[in-house]
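In what follows, a single structure is set out as structure tokens and then discussed.
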Amino acid sequence: MVKIQATNYVANLEKTTENKDFHLMIDFLRDSSIYFEISHIPMMYKGLILQFWNSAWVTEDRKIKATVLNNEKIFIDEALLTIALRLPIEKEYIENPSSNQLREMLRRIGYSGDRESLGIINREKLPPTWSYFFNTIIHCLSRNIDGWDQVTLFSLTIGYGLIRNKPINFG
């Protein structure tokens, strides 16, 4: 069994005296629609994960099919992931925000860097509470592999949806 450390991939949304400047943002994240996804510590069994991914393929109708335990075939689709991750089931999603909408969001939250190049948003140029907000998104939900100091377009889009309290369909 592989136990993921809470400090590595799961948001620590505990209020302490050390993070008192971030209590409002912690409350916001606790009340957000992604609270479970960023705060739940998953228990994973390495053997099952390896068996799953070694046998997995994507079907024509966008389902993941794999074989696990005793050659049992399983299918994973968007509906199952939505239930497993406790995501809200939405009837309507907003369109991905435009570049101008993302730039306006950055202006409103006080980003002091260049807003023209949305792929290079430096967390150091965000106010501390918003840097904390995007740090949480980057560490818990992002597929970031280059580092933690830049906010990717993917993370900006997640932030936009959370700030507006509107679901965005990434599928």
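Surrounded by 14 or more Cβ atoms within 10 Å (Cβ to Cβ) and closer than 24 Å to S155 by Cα, is that true of E14? Here the answer is no, as E14 does not meet what is asked. Looking across R86, R62, one residue alone is more than 23 Å from I138 (Cβ to Cβ) and of a type in the set (D, E, K, R). It is R62.
Condition check ((1) more than 21 Å from the chain's Cα centre (by Cα); (2) farther than 22 Å from N135 by Cα; (3) among the small types (G, A, S); (4) at pLDDT below 85) across all residues:
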{"residue": "M1", "(1), (2), (3), (4)": "yes, yes, no, yes"}
{"residue": "Q5", "(1), (2), (3), (4)": "no, no, no, yes"}
{"residue": "T59", "(1), (2), (3), (4)": "yes, yes, no, yes"}
{"residue": "T82", "(1), (2), (3), (4)": "no, yes, no, yes"}
{"residue": "P88", "(1), (2), (3), (4)": "no, yes, no, yes"}
{"residue": "I94", "(1), (2), (3), (4)": "no, yes, no, yes"}
{"residue": "Q101", "(1), (2), (3), (4)": "no, no, no, no"}
{"residue": "I109", "(1), (2), (3), (4)": "no, no, no, no"}
{"residue": "E116", "(1), (2), (3), (4)": "yes, no, no, no"}
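Residues in segment 81-136 that are open to solvent by 40 Å² or more (accessible area, probe 1.4 Å), in a helix (DSSP H, G or I) and of a type in the set (S, T, Y) were compared, and the one that is farthest from L24 (Cα to Cα) is S99.
Step by step: first the residues of segment 61-72, then only those that are open to solvent by 50 Å² or more (accessible area, probe 1.4 Å) and touching a helix residue (DSSP H, G or I) at 6+ places or on another chain (Cβ under 9 Å), then the one that is farthest from L48 (Cα to Cα). Which residue is that? Restricting to residues being open to solvent by 50 Å² or more (accessible area, probe 1.4 Å) and touching a helix residue (DSSP H, G or I) at 6+ places or on another chain (Cβ under 9 Å), the top hit is R62.
The values are calculated or read from the model by the stated rules, or taken from the named source; none is laboratory data. Note that the structure is predicted; figures quoted are calculated from it, not measured. We place every Cβ from the backbone using ideal geometry, glycine too, and count neighbours over all the protein chains shown. Accessible surface areas use protein heavy atoms only, side chains included; no ligands, DNA or RNA. Shrake-Rupley method; radii C 1.70, N 1.55, O 1.52, S 1.80 Å.
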